[in-house]
Amino acid sequence: MVLAHDIKDSVVVITGASGGIGAATALALARRGASLVLAARRRNALEEVATRCRDAGGDAVVVPTDVRNLDEVERLGERAITTYGHLDAWVNNAAVACYAPFGEAMAEFRNTVETNLLGVAHGTAVALRHLTDGGVIVTVGSILSAVTVPYLSSYNASKHAVQGLTDSVRQEITERGEGRISICSVLPASVDTPLYANAANYTGRRLRPPPPVYSPELVAERIVRVIERPRAHAYPGSAARAAVLAWRLLPALSRRLAARVADRMMFAPGTAAPTSGNVLGPTPEPSRIRGGWHGVARPLVAPAVAATRLARRAGMFGARMGHG
């Protein structure tokens, strides 16, 4: 479905807009003149982003929202309509993360799943009701929607479930002949956002994103492109697509590599005190788009590159066998 309005005349709801990918997406759309309805738990941080969006050439309103609460998400959708008269796109971006051995930190496990999965379910349901002229729903998933690593069981579970939900809803609206609405997934690998600093952490070790680490602006531009030209799945950067390909074609090797990567690349030297981060409630920090990790430790990605090459060779071999 092509947008009913030009991007400069479009109205877009963005959840998780107080920082990271959500804030970067808001600014990318504002530069194109879009009107934005910004949602997250932290009003002050949202106001900062809204001001930057207005300065960039767009318009923005702020609606503090906890996506776990359906009533609050309903109010978010209603605010978009009462303020701007229509809705063109909805970006499900709100997410939190918890690093812990499975079985520990079960309150954080529950809240991670509720935020990441129920938040998308609530946003998608409300968006479908308000996209009366058609439009686009974009859900920001993760490479961990398809790949798994240890110590992130709640994040893995929620992102896998989000992908299943998104694909299922896409099938439903296709079967009902509702081609006016597009359901899209954007699946990045590691992104330089404050997520790692804000994550719950019960591993006793300092966190870092596994390389290569992409900029949130790169992901934001891909989200904008998907809004303008919808597609079912989009992978910002090459690492996510390569990892998913390797996982599908060489699952046993990929699982072993992922476990090794988790131990060597997900943790920085040193220890860390236990923290619930922003999983159980918002932190008071100001808005930040980046977390200070972009471009670091790229040489450590060599094992993943090797797996990707093996996967591609396996795929080519399979294709030849299929034609033999």
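The values are calculated or read from the model by the stated rules, or taken from the named source; none is laboratory data. Predicted model only: the values in this text are computed from it and were never measured. Don't worry about glycine lacking a Cβ; one is built from the backbone with ideal geometry, like all the others, and counts go over all protein chains shown.
Among the residues of segment 173-196, are any of a type in the set (A, V, I, L, M), on the phi < 0 side of the Ramachandran plot, in a helix (DSSP H, G or I) and out of contact with any helix residue (DSSP H, G or I) (no Cβ under 9 Å at 6 or more places or on another chain)?
no
Taking only segment 250-291 into account, find how many residues are modelled with pLDDT of 85 or more, crowded, with 19+ Cβ neighbours inside 10 Å and not in a loop (DSSP other than H, G, I, E, B).
Of the residues in segment 250-291, 2 are modelled with pLDDT of 85 or more, crowded, with 19+ Cβ neighbours inside 10 Å and not in a loop (DSSP other than H, G, I, E, B).
If we keep just the residues of segment 62-75 that are touching a His at 6+ places or on another chain (Cβ under 9 Å) and of a type in the set (A, V, I, L, M), which is farthest from V126 (Cα to Cα)?
V67
So in segment 120-157, with the set limited to residues that are in contact with a strand residue (DSSP E or B) (Cβ under 7 Å, 6 or more places away or on another chain) and over 29 Å from S10 (Cα atoms), which one is surrounded by the most Cβ atoms within 10 Å (Cβ to Cβ)?
Top of the filtered list is S154.
Got a number for residues in segment 215-249 being crowded, with 19+ Cβ neighbours inside 10 Å, touching a Gly at 6+ places or on another chain (Cβ under 7 Å) and closer than 15 Å to A26 by Cα?
1
Limited to segment 236-255, what total is found for residues that are free of Cβ contacts under 8 Å to residues at least 60 places away in the same chain and touching a helix residue (DSSP H, G or I) at 6+ places or on another chain (Cβ under 7 Å)?
Result for segment 236-255: 3.
Please pick out the residue among A220, A240 that is at pLDDT below 95, assigned to a helix (DSSP H, G or I) and closer than 22 Å to I14 by Cβ.
Exactly one residue qualifies, and that residue is A240.
State yes or no: is R229 in contact with a Phe, Trp or Tyr (Cβ under 7 Å, 6 or more places away or on another chain), of a type outside the set (V, I, T) and farther than 18 Å from G292 by Cβ?
In short, no.
Yes/no matrix, rows are residues, columns are (1) surrounded by fewer than 23 Cβ atoms within 10 Å (Cβ to Cβ); (2) part of a strand (DSSP E or B); (3) at positive phi:
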| site | (1), (2), (3) |
| --- | --- |
| A39 | no, yes, no |
| N44 | yes, no, no |
| D55 | yes, no, no |
| V63 | yes, yes, no |
| P101 | yes, no, no |
| E104 | yes, no, no |
| N111 | yes, no, no |
| L118 | yes, no, no |
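Limited to segment 128-172, what total is found for residues that are in contact (Cβ under 8 Å) with a residue 24 or more places away in the chain, assigned to a helix (DSSP H, G or I) and among the hydrophobic types (A, V, I, L, M, F, W, C)?
Result for segment 128-172: 7.
Restricting to segment 1-21, and then to whatever is of a type in the set (A, V, I, L, M, F, W, C) and either in a loop (DSSP other than H, G, I, E, B) or in contact with an Asp or Glu (Cβ under 8 Å, 6 or more places away or on another chain) (or both), can you tell me which residue is farthest from L187 (Cα to Cα)?
Checking each candidate, the answer is A4.
Just to be sure before I move on: is V49 in a strand (DSSP E or B) and either crowded, with 19+ Cβ neighbours inside 10 Å or in contact (Cβ under 8 Å) with a residue 12 or more places away in the chain (or both) in the structure I sent?
no
Under 20 Å from the mean Cα position of the chain (by Cα) and in a helix (DSSP H, G or I): does that describe A24?
yes
Considering (1) among the hydrophobic types (A, V, I, L, M, F, W, C); (2) under 30 Å from R205 (Cα atoms); (3) surrounded by fewer than 21 Cβ atoms within 10 Å (Cβ to Cβ), say which one A4 fails and leave the rest.
Here A4 clears every test but (2).
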